[in-house]
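What follows draws every value from the coordinates through simple rules; no lab data is involved. Not measured: the values here are computed from a predicted model. Counting neighbours? That spans all protein chains shown, and the Cβs are built from the backbone with ideal geometry, glycine included.
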Amino acid sequence: MSDDSTENAALLRSRLPRESLWDFALALYARDGAESACLTLQDEAGVEVTELLWRCWLYRHELQAGHIPASLREWQRTVITPLRQLRRDLKPEVEARPSVSTLRQRIKQAELDAEQECLRRLESASRDGAIGLCPCSRATQPLKKVLPFAHQLQKKSHFFALARLESQLDPPRPPR
């Protein structure tokens, strides 16, 4: 790598905020309509929420990245997805057997912990240069144009969900 490209990569990484990806993800997910948008994209288009939140974090700071590392894709496939599926499979059991509720809550917490670990790894790889970052302009490129999985977005509901999520990227400003 040349000195220019090393300097450029360091400059791009310096755009990343001090705020952790996890804190950003929690704040974004809590904003109006964001949770519903994420789940629509996950359930209908097969988008991993952790990857979507990471890409929103980058995009908010006018950065984009290519594909996530295979090791993180594997983590999503072998850890997060099975926990999510198990939690969902147990949902109907809760009404029939209230004792299953505690087990389901534990699985839900394990899923959340696994997602947090995935976000930590994505943040670390973004900050240390293991994932290449490129500049993007929010003024000229909508979020859907910088997502490598945009081809998975086929339905109006997908585009509405993505637009809703994009509208929530900047925190609301207090009235003057």
Derived scalar couplings ³J(HN,Hα) [region 31-42; Karplus, 6.51 cos²θ - 1.76 cosθ + 1.60; whole Hz; x for Gly, Pro]: 6, 3, x, 5, 4, 4, 4, 4, 5, 4, 5, 5
Modelled FRET efficiency - R0 35 Å, Asp23 with Cys134, Cβ distances, 0.05 increments: 0.90
Between 0 and 90°, nearest 10: helix 100-128 axis offset from the chain longest Cα axis: 10 degrees
Count, lysine Cα pairs under 20 Å in the chain, 8 or more residues apart or across chains: 5
Answer label for Cα extents along the principal axes in Å (calculated), chosen among (i) 62, 39, 36; (ii) 60, 43, 29; (iii) 54, 34, 34: (i)
The chain: angle of helix 21-30 to the longest principal axis, Cα-based, in degrees nearest 10: 60 degrees
Amide hydrogen neighbours beyond the local backbone of Leu133, cut-off 5 Å, H modeled: none
